[in-house]
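Nothing in this text is a laboratory measurement; each read-out follows from the coordinates by a stated rule. All values reported here derive from a predicted model rather than from experimental measurement. No Cβ is skipped: glycine too gets one built from the backbone with ideal geometry, and neighbour counts run over all protein chains shown.
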Amino acid sequence: MRRRLFRRLLAGLAAVLVTCAGVAVLVHLPAVQERAWRRTAAAVEASTGWRPAAESVQLRAFPARLVVRGLTLSVGDRPALAVERLEARWSWPRLLRSPHRLESLEIEGPAVDAAALPSRGEPTEDRVGADLLGSFEVGSLRIERGRAVGGFADLGLELEGITLEAGLSAGRAVLEGEIGKLAVSRDSRLLELGSARLRAGARRDEVAIESLALTGGAAFAEATGTVRTEPGPDGRLELRLGGDLAALAGWWDPNLASGFQPE
């Protein structure tokens, strides 16, 4: 009787192992991964309004790893975000329970076009309301070779050489980053402001700037402080500013530059 029960247990265990092995093999088939990606992309677009696309998607179940190349996120016909390569690693038990955790996330060559982002008040923005600080954790986030362009009114803004190292755990985010080149433009006139470095931390109701420095160009800035949002806006910010007034005035309006020239 015991032998028969033992054999049944072994047979059941073997069936479970064979099933798991079969699922693992199926998950790694390119056709299965492509179909899963299409379904995921459709679900993302339906729930957020963002349309994802990718050149290639590779998923490995054990150890869990996802690599996406040529990723774009679009609203309408214009991509707002393009990423050369994204790699994520996780542990299934930590990912499936709350807070959901990614062990590492690496993003190479991201490019952001702020003009393609949805404007305030559009339906897309209203649909994105997840509390990332409370619901998700990221052990290590690294961004390399980032670029962003944007602007407002008649001013253009360009950031190049963006690098960032960050983490998100227990409702607190910490980050340290650098912008290799920061420039603004107006009426085809370009002003290079230099490079910037930032160290900061954030919680749901507070942002703490440990250090922020802009150096090496026409302007100089240093800032430290804390900003709180609850129970109401409050905080303290220490700021030092400086720059080449002649260069700044000439960039803003060439006619102003004559006022800074010696007679």
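Data table
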{"quantity": "Of every Cα-Cα pair in segment 143-201, the percent that sits beyond 18 Å", "calculated": "44 percent"}
{"quantity": "Reduced Cα scattering model of segment 167-208, Debye log10 I(q)/I(0), q = 0.14, 0.34 Å⁻¹", "calculated": "-0.50, -1.08"}
{"quantity": "Cα-based radius of gyration of segment 184-256 once divided by 2.2 N^0.38 Å, which approximates compact folds", "calculated": "1.41"}
{"quantity": "Burial ranking of peptide ranges 228-240, 85-97 (average Cβ count within 10 Å, highest at the top)", "calculated": "85-97, 228-240"}
{"quantity": "Cα-based Rg / Dmax (Å) for segment 33-111", "calculated": "13.1, 38"}
